Amino acid sequence: MTAQPEWRADCRTAARTRAEAEVRARLQLAADAVIPFNYRWEHVQRVVQMALWLADTTGADPDTVEAAAWLHDICKREPNHGKAGAAAAQEILRKTDFPPDKIAAVADAIARHVGLTRKPGAAPMAPLEAAVLWDADKLTKLGVSALAYNLSLRQFDGMTLAERCAELAHFTRTVLVKTVASMNTAPARALAEARYQAMVAFLEQWEREDRL
C-alpha cells in the first residue's frame, strides 16, 4: 500500500483548524462548545472532491489542485482572502514535503479563485490548475444542496417562505446563471448547467406550490 504524502494531512489539518476557528468566532462559541454546523469545512471538502475530479478529467496537475483546494479559504475571515490565502498557503507548504516547484502554482490558483463570475466572453483562465480551482469552488455554489444551505443564512431571518423563495429565485436567475457561463472547463460547465437546472426546477416547484 502506497504511503500518503505528509503534505495532504498537513493541508487537511490546517484547513479544518481554520474552518473551526472561523465558525467559533462567528458564533462566539467557547473552545469546548459543540459546533452546530461547520459550513466552511463542508465547503472545503467538497471543493477538494470537485477539484480532484476535474484534475482527473482535464489533465491538470492533481497535487497542485488538491493542495490549492484544501487551502483556498485558509484566510476567509481576512480582507482580500485570496491574496492572504496565497501567502499563507506558501508558508504552510514550505514546511511540508510538498514539491517545492509546485508551490507557486498553488499560490497563484488561490489568489485568483475569488468571485462568482468572470467577464462575459473571457478566455478560460490559465494555467489549467487555476481554472480547475475556480471551477471547483464555484460548483459548490450550485445545486439543490446549495439552496438548502442558503436557506439557513441569517439574511433570511424575518422573511416569509414566499419571500425566501423570491429572494433565492432572483439570485439564482440573475447571478448564478452567470456563474454557469463563467466556467473555464468543459466538464465543469456541463455539471454546472445540470446543477443550475436542478435549482431552477426546485424553485419553480416551490413557486407553483405557493400559488395554489
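Tabulated data
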| quantity | calculated |
| --- | --- |
| Boolean, A104 is touching a Pro at 6+ places or on another chain (Cβ under 6 Å) and within 23 Å of D56 (Cβ to Cβ) | no |
| Among (1) within 21 Å of A136 (Cα to Cα); (2) in contact (Cβ under 8 Å) with a residue 40 or more places away in the chain; (3) more than 20 Å from the chain's Cα centre (by Cα), the one test that A104 misses | (2) |
| Identity of the residue in the range 65-93, of a type in the set (K, R) and more than 12 Å from the chain's Cα centre (by Cα), that ends up surrounded by the most Cβ atoms within 10 Å (Cβ to Cβ) | K83 |
| Number of the exception - A169 against (1) small (G, A, S); (2) at pLDDT below 95; (3) outside the structural domain of D108 (by TED's automatic domain parsing); (4) over 20 Å from Q45 (Cα atoms) | (2) |
| Flag if A131 is under 19 Å from V47 (Cβ atoms), within 17 Å of the chain's Cα centre (by Cα) and not acidic (D, E) | yes |
| Pairs, first in the same structural domain as E207 (by TED's automatic domain parsing) and aliphatic (A, V, I, L, M) in the range 149-164, second surrounded by 14 or more Cβ atoms within 10 Å (Cβ to Cβ) and not in a helix (DSSP H, G or I), C-beta under 8 Å, six or more apart | none |
| Residue list for the range 99-114, filter: surrounded by fewer than 24 Cβ atoms within 10 Å (Cβ to Cβ) and outside any helix (DSSP H, G or I) | P99, R112, V114 |
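Conditions (1) within 21 Å of L139 (Cβ to Cβ); (2) not polar (S, T, N, Q), marked per residue:
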position	(1), (2)
T13	no, no
L29	no, yes
N38	yes, no
H43	yes, yes
T57	yes, no
A69	yes, yes
R77	no, yes
E91	no, yes
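The values are calculated or read from the model by the stated rules, or taken from the named source; none is laboratory data. Remember, it's a predicted structure, so these values are computed and weren't measured experimentally. Here the Cβ is made from the backbone with ideal geometry for all residues, glycine too, and neighbour counts use every protein chain on show.
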